[in-house]
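The values are calculated or read from the model by the stated rules, or taken from the named source; none is laboratory data. These numbers come from a predicted model, not from an experiment. So basically every Cβ, Gly included, is an ideal-geometry build from the backbone, and we count neighbours across all protein chains shown. Accessible surface is based on the protein model in full, side chains and every heavy atom, while ligands, DNA and RNA are left aside. Shrake-Rupley method; radii C 1.70, N 1.55, O 1.52, S 1.80 Å.
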Amino acid sequence: MIIANYGKGGVGKSTTTSNLAVAMARLGKKVLQIGCDPKSDSTFTIAGRMIPTVVEILDKHNYHYESIEPEDLVFPGYAGVHVVETGGPPAGSGCGGYVVGETVKLLENLNLLKNYDVIFFDVLGDVVCGGFAAPLQYADLACVVSSNDFDALFAANRICDSVVEKNMSGYKVKLAGLIGNRCDQKDLLQTFCEQTGAPLIGVVPRAEDVRQSRVKGYTLFELEEMGEPVQELTAEFLKMAKYLLNDPPGVIPNVIGTREMFEIFRGEDTGHGRNSA
Amino acid sequence: MVLKLAYWMYEGTALSGIARVTGSMKKIHTVIHGPQGDSYINVMFSMLERFHELPPFTLSAIGRREMAKGSRARLVETVLRVDEEQKPDVIVITPTCSSTLLQEDLDAVAHTLQARTNATLIVPKVNAFRDLEHYAMDQFLTQMVATFAEEQSKSERFSVNIIGPSYLGFHQIHDLEEIKKTLQDLGIEINLVVPYGASVEALRNITKAHLNISLYQEYGKSVCDYLKERFGMDYLSITPLGIRQTGRFLEEIGEKAGIDVHAYIRRNLSPASLISRCVNSVDALSSLYGKRAVVFGDYSHAVGVTYLLREIGIQVEWAGTYMKAMESSFKQELQGQAKEVFVCDDFQKISNKIKETQPDIVFGTQMERHSSARHDFPCVVISSPAHILNFPLHASPILGYSGITRILDNINGTIKLGLEEHLVNMFGEDSQEEEVQIAIAEVAASTEKKELSAGASEEIKWTPDALNTLKQIPFFVRGKVQRNTETYAREKGHKEITLEVIYAAKAHFEK
C-alpha cells in the first residue's frame, strides 16, 4: 500500500508521517518512509540523524543511475522502518519539484516500491507543480494533514483538487481522509470533511511533547519507551494506523470552490478571522 | 581568439532516438512537446536522409503562455488537430528535456485524450533529460512492439524479422538491402523489418516469423527479449561485420532454418572471390599487412571493424567505444583483439590518443575524421556520428560480404599503398612546397617572438640548414620526423636543431 501525505507547510506532516510509520511497524508491517522535500528532514525522527539524500548519493556515483542499487538509497531506522530522502537543490536555486518528481520515478524504476507492505511519501507542502504531484501517480491513498484553521484547510482543498485531477487522468489514487494535527478543537475540520465528503481519520491534540520529540529526533513511540507519558498520543496514532491498514476505500472528494471556501469559513476561524465576534 | 569546443556528445538525445523510430515507421505522427528549438530533429532528417517525404513531426510549442499557465491546453489542441487533419494510426507524444524539467505528466494527457482521438496515443516511457539515443530507441521500440504485437500462427515457410534498420543510422538502409539479398539467396523469407517501413498492421503480425534477428548491439535486444518472453520467439543477436562474424551469422541462421549455408559462405570466400583476391594480392600484402590502425566508434562498428582488420592482417593498436553503458561486454568481446580496449566519450581525449599513437590509419566517427585531418592521419569513417557523406546514393553496406568488399575499397582508397608510398618518397615533396614555406615562416616568426621574451616558450629552434633538410623529407612522414627530432633534441639538452642534431636523431631512431 502506498500512501502520500500532503498538507500546508509547518502543519506537522513529517511528525505525523513518522509516527504513523512507526505505528504500522509496531503492528508488524514492513514500512518505508520517503521524504520528498528538498529540506530532507522528513525522516530525522526515525533515523535520528540527517541521512544522505538520493541527490547526494547520485552525485557520489557521478549520476550513473545504472550503477546504483536500491540498498544504496535506503537506511534502516527506529522500529525497523526504512527511510529515504530525495533531497534537492539548495534553498533558492534549481527546481525542487523536478528533483522530487524524478527521484520518485527513479525509486520506482529501481523496483524499490515493491518490497514493502506500506510506503509513505511525505511530500513538501501543497501540490504546487508537476514534480510534487508525482507521488500521487504511484499512491493508492492520499492523506491530508491539517490543523483546525482556515489556511491549512485552504491548502487541503487544493490537495483535494489534485486528487480529483489525477483520477480524471486515469490514476487510481483516492483520498483516505484528513488527519487533524495540533488541534485543540476540531470544528472547522469537521465542517470541511462534511463539505468534501472526506473522512476524518484522527485528531492529534496540540501537545508540547509532540513538538519536543520532533526537535530531539524521536518519534512518540521512542519517547514512550523512554518513560515519557505520551500513551494517549501513541494510542491515537495506532488507531489511525489500524484504520489505514484496514484498506479503506477512500473517496474522490467534492472540491470546494475558492470563493465558497471563504464563504463557508467566514468568521468561523476564531484564530485568524477579523470578524470573529 | 580561439574558440574551443567544450562539450560535444557522440550519442544523440533520447528525443533523437524516439524520432529515429517514429520517423522510420509508416503512418506514425510525432508530436514533440517542447520549446521551439526542440524540433531540431526535423532538420536532421531533411539534411541527411534521401527520401521524398519528410517524416511527419508537429511541434506543440511550450512558449511563455504555457510556462505561466501550464502547457496542457496547447498539447490537447495540437493532438486533436493532428488526429483530425493527418489521420495517422498512432500519435506519439514525445517528452523533451523541457517537458521533463517541468515534470509535465504526458501519460495523464494521453489517457484523458484517448477517448477523443482515432489514433492510438503513445507516450514513450523514456526520460528525455537523462536517457541517450540508443537506450531510448531500445526502450521505445520495445514499447511499440509490446503495444501492437498479437499472437499469430507462423508463416508457412521459414521467415525472420529484421530488427535494427532505421533512418539516420549509419549506412543502415544499405545494410538492410545487403541482408535482404543474402536472405533471399539463402531462400529465407522476411516477415517484417523493424522499425524501417513498419506499420501498426505489420507490427500486429510480427509473431508470424520463426526468428528475430537483431543486427546492431546498441538497441533491439530488448525487443527480442520481450518477444521471446511473451510469445516464445527465438532470436539471434549478431552483427555480421567482417569475415568471421558474417560466417557465424549465416551459420546460426542456417541452423535455425534447417538450411545448409556452407555453399553460400564458400562461394563468397573461395580463392576466386573478390574478398580473397583483394586480401591476398601482392599489393594488399605489402600495403596492409602489419600496418598499425586504431579503431573508435559505437559498439557494433568498433567491434566488427576490429575483427575485420585483424582478419586482413592489420594490427589494431587500440579499440574504443563511446557506449559507456556497454563497457564490460565491449572489453570482454575485444579482449586480445587489440593491444588496448577502452570506453571513453570525450572526443578530445580520443584526438590526443590518436596523435600519441601515430597510427598508419584511423577508423572512427566523423569526429575522429576531423581529429585525424588535424594531425594529418588518413581516416575511414566507420560509425555514427555521421555526416552527409555517410548517406551515399550508391549501394554501400557495412554488413555482410558486400560490406567487407566496400570497407576494403575504402581502406585502399585511404591508406598509403605500397607503390604509392615509394613514388611519393621519390617525387612527393614538390607538391607540398607551399606548405613548407608557410611552416618556415611560422618557425621564423616564433623564433623572433622568442627572442623578445626569452625562455617563455618551450619550442625548440631549427637552424635554416636544418629546416631545409626537413623540407626534403616526404610530407607524410615529415611531421613524425620533426616530432621525433625535437623529442630527441630535448632529451639531449640541445637548444636548437642543427644538421648534426638531425643526423644524430636519425641514427638514434634507426637503431
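The residues listed here are B:LYS416, B:LYS349; of these, the one that is open to solvent by 30 Å² or more (accessible area, probe 1.4 Å) and either closer than 30 Å to B:ASP185 by Cα or at pLDDT 90 or above (or both) is B:LYS349. Residues of the stretch A:171-186 being open to solvent by 10 Å² or more (accessible area, probe 1.4 Å) and within 14 Å of chain B (Cβ to nearest Cβ), which ones? Residues satisfying the conditions are A:TYR171, A:LYS172. Of everything in the stretch A:63-80 that is among the charged types (D, E, K, R) and more than 24 Å from the chain's Cα centre (by Cα), the residue that is most open to solvent (accessible area, probe 1.4 Å) is A:GLU66.
Screening the stretch A:106-118 for residues that are aliphatic (A, V, I, L, M) and within 14 Å of chain B (Cβ to nearest Cβ) and picking the one that is nearest to A:VAL83 (Cα to Cα) gives A:LEU107. The set of residues in the stretch B:333-346 that are over 12 Å from B:PHE296 (Cα atoms) and open to solvent by 30 Å² or more (accessible area, probe 1.4 Å) comprises B:GLU333, B:GLN335, B:GLY336, B:GLN337, B:LYS339.
Considering (1) small (Gly, Ala, Ser); (2) touching a Leu at 6+ places or on another chain (Cβ under 6 Å); (3) over 24 Å from B:ASP175 (Cα atoms), the lone condition that B:ALA338 does not fulfil carries the number (2). Checking each residue of the stretch B:134-142 against the condition of being on the phi < 0 side of the Ramachandran plot, open to solvent by 10 Å² or more (accessible area, probe 1.4 Å) and of a type in the set (Gly, Ala, Ser) gives no match. Take A:GLY202 and decide whether it is in contact with a Lys or Arg (Cβ under 7 Å, 6 or more places away or on another chain) and either open to solvent by less than 10 Å² (accessible area, probe 1.4 Å) or free of Cβ contacts under 8 Å to residues at least 24 places away in the same chain (or both). For A:GLY202, the condition - in contact with a Lys or Arg (Cβ under 7 Å, 6 or more places away or on another chain) and either open to solvent by less than 10 Å² (accessible area, probe 1.4 Å) or free of Cβ contacts under 8 Å to residues at least 24 places away in the same chain (or both) - is met. Could you please let me know if B:ALA198 is touching a Leu at 6+ places or on another chain (Cβ under 8 Å) and closer than 30 Å to B:GLY23 by Cα? Considered against the rule, which asks whether it is touching a Leu at 6+ places or on another chain (Cβ under 8 Å) and closer than 30 Å to B:GLY23 by Cα, B:ALA198 comes out as yes.
With the requirement that a residue be open to solvent by less than 60 Å² (accessible area, probe 1.4 Å), out of contact with any Ser or Thr (no Cβ under 7 Å at 6 or more places or on another chain) and either within 14 Å of chain A (Cβ to nearest Cβ) or within 19 Å of B:GLN245 (Cβ to Cβ) (or both), what does the stretch B:321-332 give you? Can you show your working first?
Pass one, the stretch B:321-332, residues open to solvent by less than 60 Å² (accessible area, probe 1.4 Å): B:321-323, B:326, B:329-330.
Within this subset, residues satisfying the condition of being out of contact with any Ser or Thr (no Cβ under 7 Å at 6 or more places or on another chain) are B:321-323, B:326, B:329.
Hits for the stretch B:321-332 are B:THR321, B:MET323, B:MET326, B:SER329.
The set of residues in the stretch B:56-72 that are within 27 Å of B:ARG20 (Cα to Cα) and small (Gly, Ala, Ser) comprises B:SER60, B:ALA61, B:GLY63, B:SER71. The residues of the stretch B:368-380 that are open to solvent by 20 Å² or more (accessible area, probe 1.4 Å) and under 23 Å from B:THR13 (Cβ atoms), listed by number, are B:ARG369, B:HIS370. Being surrounded by 17 or more Cβ atoms within 10 Å (Cβ to Cβ), over 18 Å from the mean Cα position of the chain (by Cα) and either acidic (Asp, Glu) or within 14 Å of another protein chain (Cβ to nearest Cβ) (or both) is the requirement here; does A:CYS129 meet it? For A:CYS129, the condition - surrounded by 17 or more Cβ atoms within 10 Å (Cβ to Cβ), over 18 Å from the mean Cα position of the chain (by Cα) and either acidic (Asp, Glu) or within 14 Å of another protein chain (Cβ to nearest Cβ) (or both) - is not met. Return the residues of the stretch A:52-105 that are within 12 Å of chain B (Cβ to nearest Cβ) and within 24 Å of A:ASN19 (Cα to Cα); say none if nothing qualifies. Of everything in the stretch A:52-105, those that are within 12 Å of chain B (Cβ to nearest Cβ) and within 24 Å of A:ASN19 (Cα to Cα) turn out to be A:VAL100, A:THR103, A:VAL104.
Restricting attention to the stretch A:81-117, the residues that are open to solvent by 50 Å² or more (accessible area, probe 1.4 Å) and assigned to a helix (DSSP H, G or I) add up to 4. Among the residues of the stretch A:143-160, is there at least one that is within 14 Å of chain B (Cβ to nearest Cβ) and either open to solvent by less than 20 Å² (accessible area, probe 1.4 Å) or in a helix (DSSP H, G or I) (or both)? No, the stretch A:143-160 contains no residue that is within 14 Å of chain B (Cβ to nearest Cβ) and either open to solvent by less than 20 Å² (accessible area, probe 1.4 Å) or in a helix (DSSP H, G or I) (or both). Checked against (1) surrounded by fewer than 24 Cβ atoms within 10 Å (Cβ to Cβ); (2) among the aromatic types (Phe, Trp, Tyr); (3) more than 14 Å from every other protein chain (Cβ to nearest Cβ), A:PHE121 passes all but a single condition, namely (1). Report yes if some residue within the stretch B:281-302 is at pLDDT 95 or above, among the hydroxyl-bearing types (Ser, Thr, Tyr) and farther than 28 Å from B:VAL316 by Cα; otherwise report no. There is no residue in the stretch B:281-302 that is at pLDDT 95 or above, among the hydroxyl-bearing types (Ser, Thr, Tyr) and farther than 28 Å from B:VAL316 by Cα. Kindly check whether there is at least one residue in the stretch B:284-305 that is farther than 30 Å from B:SER159 by Cα, touching a residue at least 24 places away in the same chain (Cβ under 8 Å) and acidic (Asp, Glu). Scanning the stretch B:284-305, I find no residue that is farther than 30 Å from B:SER159 by Cα, touching a residue at least 24 places away in the same chain (Cβ under 8 Å) and acidic (Asp, Glu), so the answer is no. Which is surrounded by 21 or more Cβ atoms within 10 Å (Cβ to Cβ) and in contact with a helix residue (DSSP H, G or I) (Cβ under 7 Å, 6 or more places away or on another chain), of A:LEU233, A:LEU245, A:LEU189? Only one candidate qualifies: A:LEU233. Considering the stretch B:169-241, the qualifying strands (runs of 3 or more DSSP E), each wholly inside and each with 1 or more residues that are crowded, with 23+ Cβ neighbours inside 10 Å and modelled with pLDDT of 95 or more, run over B:189-194, B:211-214. Being closer than 22 Å to B:GLN139 by Cβ and out of contact with any strand residue (DSSP E or B) (no Cβ under 7 Å at 6 or more places or on another chain) is the requirement here; does B:ASP38 meet it? Taking the combined requirement at face value, the residue does not satisfy it.
Quick check: is even one residue across the stretch B:139-155 within 14 Å of chain A (Cβ to nearest Cβ) and either in contact with a strand residue (DSSP E or B) (Cβ under 9 Å, 6 or more places away or on another chain) or part of a helix (DSSP H, G or I) (or both)?
Looking for residues that are within 14 Å of chain A (Cβ to nearest Cβ) and either in contact with a strand residue (DSSP E or B) (Cβ under 9 Å, 6 or more places away or on another chain) or part of a helix (DSSP H, G or I) (or both), one finds at least one in the stretch B:139-155, hence yes.
When you scan the stretch B:9-118 for strands (runs of 3 or more DSSP E) that lie fully inside it, which ones turn up with 2 or more residues that are touching a residue at least 60 places away in the same chain (Cβ under 8 Å), more than 14 Å from chain A (Cβ to nearest Cβ) and open to solvent by less than 60 Å² (accessible area, probe 1.4 Å)?
B:28-34, B:90-94
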